[in-house]
Amino acid sequence: MQPLELNDPAAFGREFLRQTQLQGFGSLTKRDLELLMLVLLERDGAIDRAASNHAAAAQLRVTPARLKALRRDGYARWRQLAEEAPADALPRILATVLTAENLRAGARHVSERSRRDGFLAVRVEHPDDLARFEQAILDVGALPVYERNREVVAVRFDTLLRLAEQHGHLQPDPQAVARELQKLAPAAEEVADLLRKDIDQLRWDDVRNALNALGARAVAGTLEGGVHRLLALAFPFLGR
């Protein structure tokens, strides 16, 4: 394992010194200092915030359980050092957790029945990102669901689509989305029904219904093409 290397040692040192002075020299406990250093390491990028708890723990030579606790308590204690607007946080989190690889890994933690019911397994290891993701789900009127692992949230495809709408990520042109759906699932009944309408008169309600139906089928495993490609229509930054 390579030793940790700071990307900006001067900025790290300045902020560390500033915080210890603001709190009163020598007044911070050992735990406070550990949490401060963890948050600053992630802010610097020496520890990738998107890294798994296992990978980040290996960098610090601690157990994954301890690393998870440091992340959870660190952002509760020092959030002002890594403040992030919801409009910036959600795309970052979703780009990390809605990868094809992560979705496949998360699927092992939900039952087949849940998948048939349209629930997609989303694994979010960083405790602070998990809390933000849970709140985003609540904000669109849905509830986060857990099964075998508290780091894996079972969320319906239509809930993710509501998140995309609320945060302004959806492609604004319903005709363009309809054409992409035709490429993705040309034999799907939902696409055929959509294209029977005058494409120039399509509304987002028409496209949303088709996307939700195809998403539920993809989650259940009855549609070729994959969930990730459908999600990239709702969240264009996933396809970059």
Query raised in the report: Regarding ARG71, is this residue part of a helix (DSSP H, G or I), of a type in the set (Lys, Arg) and either farther than 22 Å from TYR146 by Cα or open to solvent by 70 Å² or more (accessible area, probe 1.4 Å) (or both)?
Result: no
Requested in this report: Output the residue which, of all residues in region 180-211 that are touching a Leu at 6+ places or on another chain (Cβ under 6 Å) and open to solvent by 40 Å² or more (accessible area, probe 1.4 Å), is farthest from ALA164 (Cα to Cα).
Outcome: GLU190
Query - Residue that is most open to solvent (accessible area, probe 1.4 Å) [pool: residues in region 18-54 that are at pLDDT below 95 and of a type in the set (A, V, I, L, M)] - result: LEU22
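Would you be able to say whether some residue in region 108-127 is out of contact with any strand residue (DSSP E or B) (no Cβ under 7 Å at 6 or more places or on another chain), part of a loop (DSSP other than H, G, I, E, B), of a type in the set (Val, Ile, Thr) and not assigned by the TED database to the domain that holds ARG229?
For region 108-127, residues out of contact with any strand residue (DSSP E or B) (no Cβ under 7 Å at 6 or more places or on another chain), part of a loop (DSSP other than H, G, I, E, B), of a type in the set (Val, Ile, Thr) and not assigned by the TED database to the domain that holds ARG229: absent.
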Report task. Tell me which of these ARG115 doesn't satisfy, since it passes every other one: (1) under 15 Å from LEU160 (Cβ atoms); (2) open to solvent by less than 60 Å² (accessible area, probe 1.4 Å). Result -> (2)
Report task. For ALA107, state whether it is buried (at least 16 other Cβ atoms within 10 Å of the Cβ) and either under 20 Å from the mean Cα position of the chain (by Cα) or under 30 Å from HIS169 (Cβ atoms) (or both). Result -> yes
Report task. Hey, can you tell me all the residues within region 131-166 that are part of a loop (DSSP other than H, G, I, E, B), open to solvent by less than 40 Å² (accessible area, probe 1.4 Å) and hydrophobic (A, V, I, L, M, F, W, C)? Result -> VAL140, ALA142
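The values are calculated or read from the model by the stated rules, or taken from the named source; none is laboratory data. What you see is a predicted model, and the numbers here were worked out from it, not measured in a lab. Backbone-built Cβ (ideal geometry, glycine too); neighbour counts: all protein chains shown. Note: accessible area is taken over every heavy atom of the protein model, side chains too, but ligands, DNA and RNA are not part of it. Shrake-Rupley method; radii C 1.70, N 1.55, O 1.52, S 1.80 Å.
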